[in-house]
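Values quoted throughout were computed directly from the atomic coordinates according to the rules given, and no laboratory measurement underlies them. As the structure is a computational prediction, the values presented were derived from the model and not from experiment. Glycine gets a Cβ as well: all are built from the backbone with ideal geometry, and neighbour counts include every protein chain shown.
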Amino acid sequence: MRICQADWNHWPEAPSPAEADPGCWAACAALGVGGVEVGVYDAAVELSAEREATRDTLAAAHGVPVAALLLSLPAEHWRSGALSGSDVDRLVLQVTACAAVARRRHLDVLGLWPGADPPDASWSACVATLARCRDAAAAHGVRLAVEYKPGTVVPDLTAALRLAADVPGTGVLLDTGHAWAAGEDPAGCVRALAAAGVLWQVHLGDAAPGGADDDLPLGALHSPAPLRAALSAVGYAGTATFDLYGAVSGPNWTGVSALRASLAALRS
């Protein structure tokens, strides 16, 4: 398992996401984090040639590679929905562009968060669109892992397993904070997803029941020991990225302090 920091955990304290990159890489190197997960809203922006060249320079300087990518599809960018929306061709192009970068970086999984698709979105439309996205990514040798979150069309473990079964060749991104927010036991989620062969990516964080946007440092409310044991028991060997955006957007945490606290909890 490779422990990673999300670059978006440093966005709130920087003038722009691009200016957060040096601090992110420096923190990872100083604290012994094994990689960076890059957040993408628009591949033309976050994965531009200039941003990618800067990441290559930072990765080489600090010995910390780009280890994962997440294509986020929030409502503000996909007002008619993403998987369930009317702009499917644009979505497929975004997935294609992200998959091409993933391939260049020798990454075989691309995370996908369908935040713009509400609980009442058409399931059949989501299945059909995800199948198209799966095929677009597969053309670059990349698989899609869908992140579930309460308040979306994929709100919990049951829905995530159903979607992976309905769109063969896709997997699941387990966010432990979202699982706790949904009233689930993340360790049990790990075992269920691993048994189904679809535990392809992990985000690490904490949350109160109902707090889907809490993104608290790992260990803030729940002991991560059972989760850590479950990941070890199933032999999970993918990326496990701290997703702490909610916490660092408030006044009490910075990207570095939330990362340090999460690492301490994970290692305790």
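Using DSSP, restrict attention to beta bridges with both residues in region 2-267 and report what percent are antiparallel, rounded to the nearest 5. Spell out each step's value before the answer.
On the way: 1 of 30 bridges.
Around 5 percent antiparallel, to the nearest 5.
Once the Cβ-Cβ distance between ASP166 and ALA237 is put in as r, and R0 is 22 Å, what FRET efficiency do you end up with, to the nearest 0.05?
Values: r = 26 Å, r/R0 = 1.18.
The calculated FRET efficiency here is 0.25.
Under a crude label model (7 Å from the Cα following the beta-carbon direction), how far is SER124 from ASP89 in nanometres?
That separation, rounded to one decimal, is 2.4 nm.
So if each residue of separation counts as 0.36 nm, and I subtract the Cα-Cα distance between ALA44 and SER80, what length gain in nm does that give? It would help to have the intermediate numbers written out before the result.
Details: separation 36, 0.36 × 36 = 12.96 nm, distance 2.06 nm.
That pair, ALA44 and SER80, stretches by 10.9 nm at full extension.
Whole percent per 5 Å bin, from 0 to the bin with the longest distance: what is P(r) over all C-alpha pairs of region 9-128?
2, 11, 20, 21, 18, 13, 8, 6, 2, 0
On the Cα set of the chain, report Rg and Dmax in Å, please.
When restricted to the Cα atoms of the chain, Rg and Dmax are 17.0, 47 Å.
Using +1 on the beta carbon of Lys and Arg, -1 on that of Asp and Glu, and nothing else charged, what's the dipole of region 55-194 about the Cα centre, debye to 20? Could you put the intermediate results ahead of the total?
On the way: 12 positive and 14 negative charges, 95 e Å.
Charge dipole, region 55-194, about its Cα centre: 460 debye, nearest 20.
Amide H neighbours of TRP200 under 5 Å, counting only residues 5+ apart in sequence or on other chains, H built in-plane at 1.01 Å?
The list, which skips near neighbours in sequence, is VAL172, LEU174.
What are the residues whose amide H is under 5 Å from the amide H of VAL109, where those residues sit 5 or more places off or on another chain and H is modelled from the backbone?
Amide H to amide H, under 5 Å and 5 or more residues apart or across chains, VAL109 pairs with ARG143.
Set Lys and Arg Cβ to +1 and Asp and Glu Cβ to -1, take the dipole of the chain about its Cα centre, and tell me which of ALA145, ALA194, ALA59 lies farthest positive.
Most positive-ward Cα: ALA194.
Using θ = phi - 60° and the Karplus curve 6.51 cos²θ - 1.76 cosθ + 1.60, what whole-Hz ³J(HN,Hα) does each residue of region 52-66 get, with Gly and Pro shown as x?
With coefficients 6.51, -1.76 and 1.60, one gets 5, 5, 4, 4, 4, 5, 5, 4, 5, 5, 9, x, 10, x, 6 Hz.
Under 5 Å between amide hydrogens, which residues at least 5 positions from VAL167 or on another chain qualify, with H placed 1.01 Å from N in the peptide plane?
Placed amide hydrogens put nothing under 5 Å from VAL167.
Quick one: putting +1 on the C-beta of Lys and Arg, -1 on the C-beta of Asp and Glu, what dipole do you get for region 2-267 around its Cα centre, in Debye to the nearest 20?
Working: 17 positive and 28 negative charges, 159 e Å.
Using only the charged Cβ atoms, the result is roughly 760 debye.
How large is ³J(HN,Hα), in whole Hz, for each residue of region 234-246 in order, when computed from phi with the Karplus curve 6.51 cos²θ - 1.76 cosθ + 1.60 and θ = phi - 60°, using x for Gly and Pro?
8, x, 4, 10, x, 8, 10, 10, 6, 10, 10, 4, x
Estimate the FRET efficiency between ALA60 and ALA139 by the formula 1/(1 + (r/R0)^6), using the beta-carbon distance for r and 35 Å for R0, to the nearest 0.05. Can you show the working numbers first?
Values: r = 29 Å, r/R0 = 0.82.
About 0.75, to the nearest 0.05.
So what's the back-of-envelope 222 nm ellipticity for the chain, counting only DSSP H runs of four-plus at -39500 (n - 2.57) apiece and dividing by all residues, rounded to 500?
On the way: 11 runs with 119 residues, N = 268.
After summing the helix terms and dividing by the residues of the chain, the value is -13500 deg cm²/dmol.
Per-residue HN-Hα couplings for region 105-120, Karplus 6.51 cos²θ - 1.76 cosθ + 1.60 at θ = phi - 60°, whole Hz, x for Gly and Pro?
Going residue by residue, I get 8, 6, 9, 9, 10, 10, x, 9, 10, x, x, 7, 9, x, x, 8 Hz, with x marking Gly and Pro.
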